[in-house]
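Asker: Handing you this structure, nothing more for now.
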Amino acid sequence: MWVTPRDLEILARVHDARACDSGALADLFPTAKALQQRLWRMTRAHFLKVHRVGNQRAYSLGPLGARALGLSTKEIRISRGAVARCLSLARIRRKLQAEGYLPNGQDQVGRTAVLRAWRGGRRIAVAVCEPNASPRAAQRFVNRLLRLIDPFEPLVDELMIFGTIPTLLRSTKVSVVHHGRVTIRSLTS
C-alpha cells in the first residue's frame, strides 16, 4: 500500500490519542465513505488495528503503522479497557462540542484522563467514571478530582463527571464547599 501524507496524519493522530474512533479523523477526508475506505485499507495492510467495544470501533497503531512513525512496537500495545476509555472520551468530547464548549486539551490526574474545555470564559474539567465502579470507588474517584476545584487555588471553575450507572451518580456525595461546582452527568444518551 502506498502511504500518503494524509495517511501519516491519520497515524500520528491515532498515536497521540492511543486509540480513536473515525469521528476524530473526519476532518481529514471530504466524505465519511472516503474515510471508511481509507481506514479499511490501512487496517488490511496492518498499519492500524481495529478494536470493537460493543457496537463501536476504535483504531490503534498496528506494526507497520508504528514503523512508519519510527516507533517501537512496545510503545503501541493497548488494552481493551484503554480502548473503551478512549471511545468514551471521544463521545464526551463530541457531546461537549455540541453544547458549545471549546476543547482545550487533556491532562492526567493519577491514572485518570481529564479533558479541559472552555465556554464563556469558564474553564471546566471533564472526567469519566468507570462503568463497573462500586459506589465506594465512585466516591473515591470524585474525591480525588476535587483538588481541581480547590476553593483557595482552583485550576478549573467547574468539574463534570460522566458515569453510566444512575445509582452510582445519585450515590456520589460532594461537600458543601464544592457544591454547585461539580456536575455529575449520565454518559448514556
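The values are calculated or read from the model by the stated rules, or taken from the named source; none is laboratory data. These figures come from a predicted structure and were not determined experimentally. In this analysis, Cβ positions are derived from the backbone assuming ideal geometry, glycine residues included, and neighbour counts consider all displayed protein chains. For accessibility, only protein heavy atoms count, side chains too; no ligands or nucleic acids. Shrake-Rupley method; radii C 1.70, N 1.55, O 1.52, S 1.80 Å.
Asker: Quick check on the range 79-92. Is at least one of its residues assigned to a strand (DSSP E or B), touching a Lys or Arg at 6+ places or on another chain (Cβ under 9 Å) and either at pLDDT below 85 or open to solvent by less than 60 Å² (accessible area, probe 1.4 Å) (or both)?
Answerer: no
Asker: Go through the range 25-74 and give me each residue that's within 19 Å of the chain's Cα centre (by Cα) and of a type in the set (D, E, K, R).
Answerer: Hits for the range 25-74 are D27, K49, R52, R57.
Asker: Ok, one more. Could you check the range 23-46 and list, in sequence order, the residues that are of a type in the set (S, T, Y) and open to solvent by less than 60 Å² (accessible area, probe 1.4 Å)?
Answerer: Matches in the range 23-46: T43 only.
Asker: Given the conditions (1) assigned to a strand (DSSP E or B); (2) surrounded by fewer than 18 Cβ atoms within 10 Å (Cβ to Cβ); (3) at pLDDT 85 or above, report the number of the one that R67 does not fulfil.
Answerer: Every condition holds for R67 apart from (1).
Asker: Can you tell me which residues in the range 1-22 are open to solvent by 40 Å² or more (accessible area, probe 1.4 Å) and assigned to a helix (DSSP H, G or I)?
Answerer: Correct list: P5, R6, L8, E9, R13, H15, D16, A17.
Asker: If we scan the range 126-139, do we find a residue that is in contact with a Cys (Cβ under 6 Å, 6 or more places away or on another chain) and not basic (K, R)?
Answerer: So far as the range 126-139 goes, yes, one or more of its residues are in contact with a Cys (Cβ under 6 Å, 6 or more places away or on another chain) and not basic (K, R).
Asker: Quick one: how many residues across the range 93-104 are in contact with a helix residue (DSSP H, G or I) (Cβ under 9 Å, 6 or more places away or on another chain) and in a helix (DSSP H, G or I)?
Answerer: The total comes to 2.
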